[in-house]
Amino acid sequence: PMIPRTPEPELMNDPLQVQAYAAADFAASDQALVECIEQLLQHSGERLGAGDCLVDLGCGPGNISERLARHWPTCQVVAVDAAPQMIAAAESNRRRAGIASERLRYVLSPLPWHGLQSRASLIVSNSLLHHLHDPQKLWSGLRLLAGRRCLVVHRDLRRPSSALALDQLCERYVADAPEVLQGDYRASLQAAFTLEEVRAQLRDAQLAHLQVRELEDRYLEISGWITGCQDGLDQSSA
């Protein structure tokens with residue numbers, strides 16, 4: 001039988017967790033996300049350039065935020081997390097990398113980010129969804145952040161189909177990792193959603209047109225184009 005979902009804490013603010021994630025090497029999967037965004041843009045004949053705002057939700061220590069800022073150097077990146085320790089680590093990494101705060105701005109903010117002013121052309125998140133006790137906090141918040149035409153790309157783990165599959169994934173991917181990461185990985189897989197659950201969430205949020213697909217043996221990817229709910233306001237005040 002499918003293992004039931006076990007939610008985990010929404011915030012990753014423990015100094016040991018922050019330290020472990022900041023030190024871990026996620027370069028391959030982070031780069032894969034940037035390449036996926038590039039492919040989706042090319043497929044739609046779109047480009048990101050000067051004046052575009054890119055939003056990274058649940059940014060953690062900022063590894064993907066920095067990649068976005070480097071890959072699209074004329075855009076502004078706004079990266080959001082609700083954990084003060086993560087934002088502090090991200091700010092420290094930004095300064096060390098020598099990226100100007102005008103190009104990469106970190107915002108400490110809880111979900112669903114109602115106060116964040118944005119007309120995003122791209123909204124991404126990586127491993128955020130499984131932390132949320134109420135996933136609609138993410139999906140309902142997207143239109144508040146999106147501009148007139150916005151690409152959304154969300155990647156996350158998916159819940160394994162059995163306890164045996166869970167054990168096999170942990171053995172395959174984190175057997176040699178620090179203990180704190182091993183424990184987090186197991187908890188994250190148990191807190192993750194299935195493809196069918198995410199499709200139901202998107203239907204509830206009136207985002208059923210977004211594509212949901214399974215990647216490799218443990219990921220889900222949600223992608224597509226949305227229109228922000230702020231456009232009517234823009235036109236009436238123009």
Query raised in the report: Looking at this structure, is Arg155 closer than 27 Å to Pro110 by Cβ and open to solvent by less than 50 Å² (accessible area, probe 1.4 Å)?
Result: yes
Requested in this report: Please find, among Ser162, Ser125, the residue that is open to solvent by less than 50 Å² (accessible area, probe 1.4 Å) and either out of contact with any Lys or Arg (no Cβ under 8 Å at 6 or more places or on another chain) or of a type in the set (D, E, K, R) (or both).
Outcome: Ser162
Requested in this report: Inspect all residues belonging to the range 123-130 and state whether any of them is of a type outside the set (Phe, Trp, Tyr) and part of a helix (DSSP H, G or I).
Outcome: yes
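Yes or no, residue by residue, for (1) aliphatic (A, V, I, L, M); (2) touching a residue at least 60 places away in the same chain (Cβ under 8 Å):
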{"residue": "Pro61", "(1), (2)": "no, no"}
{"residue": "Pro84", "(1), (2)": "no, yes"}
{"residue": "Glu91", "(1), (2)": "no, no"}
{"residue": "Ala97", "(1), (2)": "yes, no"}
{"residue": "Ala100", "(1), (2)": "yes, no"}
{"residue": "Ser121", "(1), (2)": "no, yes"}
{"residue": "Ser125", "(1), (2)": "no, yes"}
{"residue": "Leu132", "(1), (2)": "yes, yes"}
**Report entry** Residue selected from the range 32-50 under the condition open to solvent by 60 Å² or more (accessible area, probe 1.4 Å) and touching a residue at least 12 places away in the same chain (Cβ under 8 Å), by the criterion nearest to Leu157 (Cα to Cα)
**Finding:** Glu46
Query - Residues of the range 138-150 satisfying the condition of being open to solvent by less than 10 Å² (accessible area, probe 1.4 Å) and farther than 19 Å from Arg199 by Cβ - result: Leu145, Ala146, Gly147, Cys150
Requested in this report: Within the range 89-104, track down each residue that is of a type in the set (Gly, Ala, Ser), surrounded by fewer than 18 Cβ atoms within 10 Å (Cβ to Cβ) and touching a strand residue (DSSP E or B) at 6+ places or on another chain (Cβ under 9 Å).
Outcome: Ala97
Report task. Would you point out the residue of the range 65-85, among those that are open to solvent by 10 Å² or more (accessible area, probe 1.4 Å) and of a type in the set (A, V, I, L, M, F, W, C), that is nearest to His131 (Cα to Cα)? Result -> Ala82
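The values are calculated or read from the model by the stated rules, or taken from the named source; none is laboratory data. None of these values were measured; they are calculated from a predicted model. Here the Cβ is made from the backbone with ideal geometry for all residues, glycine too, and neighbour counts use every protein chain on show. Remember, those area values only see protein heavy atoms, side chains included, never the ligands or the DNA or RNA. Shrake-Rupley method; radii C 1.70, N 1.55, O 1.52, S 1.80 Å.
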